[in-house]
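One structure is given here, and the rest of the page talks about it.
The values are calculated or read from the model by the stated rules, or taken from the named source; none is laboratory data. Owing to the predicted nature of the structure, the values given are computational and were not obtained by experimental measurement. Cβ atoms come from the backbone with ideal geometry, glycine included; neighbour counts cover every protein chain shown. Please note that ligands, DNA and RNA were not included when accessible areas were found on the heavy atoms of the full protein model with its side chains. Shrake-Rupley method; radii C 1.70, N 1.55, O 1.52, S 1.80 Å.
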Amino acid sequence: MKMLINVPESVVADALRGIAAAHPELTVDVENRVVVRRDAPVADKVGLVSGGGSGHEPLHNGFVGRGMLDAACPGAVFTSPVPDQMTRAAAAVDSGKGVLFVVKNYTGDVLNFDMAAELAEDEGIQVGKVLVQDDVAVTDSEFTAGRRGTGATLFVEKVAGALADEGAPLERVEAIARQVADSSRSFGVALAPCTTPSKGSPTFDLPPGELELGIGIHGESGRERRPMMTSGEIADFALDAVLTDLEPDGPVLVLVNGMGATPLLELYGFCAEVRRVLDERRVPVARTLVGNYVTSLDMAGASVTLCRADEEILRLYDAPVNTPALRWGC
């Protein structure tokens, strides 16, 4: 498998050096693997910190900046960052108002962020934590106890980041982050597997002419495999699973997310089918975002995330944001 890398061992460090070169508004500690807003700590502001294994870009490094994260901690590919990264990030962004950890529900992430919270609190930093577990495809998988954290992470970081920018206290920022996490559901599908740099070959076998319904962002098994389906059939299946669980009674935010190798031409076509299903089910759509945001290296496929959105969530979602991967209102 051909890859645009030097050697597998340096792929994360090389990417971090590239982020530093492209985004002078960020401070990138390549050795310790921490990406921080250059203006951190921002006075009178709760700091937002997240992180996870590399390979899901632009999550999380691409969401560091005004209106979203104050710092991100990238681990090795598909591997949790370590507690020292998180405590270093917390110390870098703490203005005295505390720090919120946004954690996707994967066993390594949960354990390491819990340990980091204890270490940070030992240093006098107040820490809140919010767990994102939005994937309705399966309850338990190879990497999780409970539901996996996927596309809803973007909504949590955007909405909580906007409220933090307004100077809200940690308790309010944590509460809105938890509300968004609890109000979101996702479902993903793989058309072709991804390839990790260390392995150099597909991480799982998916025969030609088949797809995996309910895939995880590390290639974890989903609900079932079927012969290839049309975009409309996939939208019907995915949204039936999401809507059955979410049961929205008002407007929703929609994320149509690419897994890494699916072109925008196909994603926008899938978005049209998602909107068709929501219109048929009489679910009002408040905002729609389309693109590759929570990826799985070069996996072909897509996911859809819905979030129940009240007036406060919509206001904060629309607030200005200026990060490498998400920017509006600036």
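For region 50-91, give me each residue that is open to solvent by 10 Å² or more (accessible area, probe 1.4 Å), assigned to a helix (DSSP H, G or I) and without any contact (Cβ under 8 Å) to a residue 60 or more places away in the chain.
Residues satisfying the conditions are Pro83, Asp84, Gln85, Thr87, Arg88, Ala91.
Condition first: more than 12 Å from Phe78 (Cα to Cα) and either basic (Lys, Arg) or in a loop (DSSP other than H, G, I, E, B) (or both). Now tell me which residues in region 189-198 satisfy that.
Pro193
Could you list, in sequence order, the residues of region 304-330 that are aromatic (Phe, Trp, Tyr) and within 25 Å of Arg148 (Cβ to Cβ)? Talk me through it step by step, then tell me what you get.
First, the residues of region 304-330 that are aromatic (Phe, Trp, Tyr): 317, 328.
Within region 304-330, just Tyr317 meets the criteria.
May I ask you to say which residue of Asp140, Asp135, Asp165 is open to solvent by 10 Å² or more (accessible area, probe 1.4 Å), out of contact with any helix residue (DSSP H, G or I) (no Cβ under 7 Å at 6 or more places or on another chain) and either modelled with pLDDT under 95 or within 26 Å of Leu239 (Cβ to Cβ) (or both)?
The conditions single out Asp140.
In region 143-157, how many are open to solvent by 30 Å² or more (accessible area, probe 1.4 Å) and either modelled with pLDDT under 80 or more than 11 Å from Ala181 (Cβ to Cβ) (or both)?
2
Please identify the pairs in which a residue from region 254-270 that is farther than 10 Å from Ala302 by Cα has its Cβ atom under 8 Å from the Cβ atom of a residue that is at pLDDT 95 or above and charged (D, E, K, R), counting only partners at least 6 apart or on another chain.
Going by the 8 Å Cβ cut-off, the qualifying pairs are Val254/Arg275; Val254/Arg287.
Quick check on my filter: what residues within region 92-126 are surrounded by fewer than 17 Cβ atoms within 10 Å (Cβ to Cβ), assigned to a helix (DSSP H, G or I) and at pLDDT 95 or above?
Leu111, Asp114, Met115, Glu118, Glu121, Asp122
Just checking, which of Glu171, Glu224 is modelled with pLDDT of 95 or more and surrounded by fewer than 18 Cβ atoms within 10 Å (Cβ to Cβ)? Give the steps one after another, and end with the answer.
Numbers: Glu224 fails: modelled with pLDDT of 95 or more.
Checking each option against the conditions leaves just Glu171.
Of Pro169, Pro227, Pro193, which residue is farther than 19 Å from Cys307 by Cα and without any contact (Cβ under 8 Å) to a residue 60 or more places away in the chain? Steps first, please.
Values: Pro169 fails: without any contact (Cβ under 8 Å) to a residue 60 or more places away in the chain; Pro193 fails: without any contact (Cβ under 8 Å) to a residue 60 or more places away in the chain.
None of the others qualify; the one that does is Pro227.
When region 238-271 is examined, which residues are found to be under 16 Å from Gly222 (Cβ atoms), open to solvent by less than 40 Å² (accessible area, probe 1.4 Å) and assigned to a helix (DSSP H, G or I)?
Scanning region 238-271 gives Ala238, Leu239, Ala241, Val242.
Restrict the check to region 17-27 and report whether at least one residue is open to solvent by less than 10 Å² (accessible area, probe 1.4 Å) and over 24 Å from Gly167 (Cβ atoms).
No; the residues of region 17-27 include none that is open to solvent by less than 10 Å² (accessible area, probe 1.4 Å) and over 24 Å from Gly167 (Cβ atoms).
Which of the residues spanning region 272-291 are under 22 Å from Glu57 (Cβ atoms) and open to solvent by 50 Å² or more (accessible area, probe 1.4 Å)?
Scanning region 272-291 gives a single hit, Thr288.
Residue-by-condition table, conditions (1) in contact with a Gly (Cβ under 7 Å, 6 or more places away or on another chain); (2) of a type in the set (Lys, Arg); (3) modelled with pLDDT under 95:
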{"residue": "Ala181", "(1), (2), (3)": "no, no, no"}
{"residue": "Arg185", "(1), (2), (3)": "no, yes, no"}
{"residue": "Gly200", "(1), (2), (3)": "no, no, yes"}
{"residue": "Phe204", "(1), (2), (3)": "yes, no, yes"}
{"residue": "Ala238", "(1), (2), (3)": "no, no, no"}
{"residue": "Leu243", "(1), (2), (3)": "no, no, no"}
{"residue": "Ala261", "(1), (2), (3)": "no, no, no"}
{"residue": "Ala272", "(1), (2), (3)": "no, no, no"}
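If the Cβ limit is 6 Å and pairs must be 6+ apart or interchain, which residue in region 104-128 that is farther than 13 Å from Gly53 by Cβ and not assigned by the TED database to the domain that holds Val34 pairs with which residue that is modelled with pLDDT under 95 and buried (at least 17 other Cβ atoms within 10 Å of the Cβ)?
Correct list of pairs: empty, since none qualify.
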